[in-house]
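The next block holds one structure in the form of structure tokens; read it before the comments.
The values are calculated or read from the model by the stated rules, or taken from the named source; none is laboratory data. Given the structure is predicted, the values throughout are model-derived calculations rather than measurements.
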Amino acid sequence: MARKSTGKKRGGRRVYSEELKAEAVQMMLDGQSAQSVADHLGLSGTNLLYRWKDKLLKQSGPAASTLESRVRQLEDELRRVERERDVLKKALAIFSQRM
């Protein structure tokens, strides 16, 4: 795991390495929640992570932004399909009991 900070302070703030920022953003893109990443890396909150993610995606260009929106769309669709599956399982259990 990358170091949490460089130990240097700038204006009373911690300065994080680019390596740590990239690792944190990758963890979020891999599906971990921002809160769990912040807890794992010892960060005070999630706002910092979202700023790093936005900056990294802007630097990566439109392809990364398009991929990120596509991932969000697919995650939404997956949640919808899982809900439908759960309803069908319950319906099958109910109809199986009646026979």
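Structure summary
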{"quantity": "Qualifying residue in segment 48-62 (condition: modelled with pLDDT under 90 and small (Gly, Ala, Ser))", "calculated": "yes"}
{"quantity": "Only listed residue being more than 17 Å from the chain's Cα centre (by Cα) and polar (S, T, N, Q), chosen from Ser36, Ser44, Ser69, Ser96", "calculated": "Ser96"}
{"quantity": "Residues of segment 33-61 that turn out to be more than 14 Å from Glu23 (Cα to Cα) and among the β-branched types (Val, Ile, Thr), as a count", "calculated": "1"}
{"quantity": "One residue from Ser65, Ser96 being assigned to a helix (DSSP H, G or I), among the small types (Gly, Ala, Ser) and modelled with pLDDT of 90 or more", "calculated": "Ser96"}
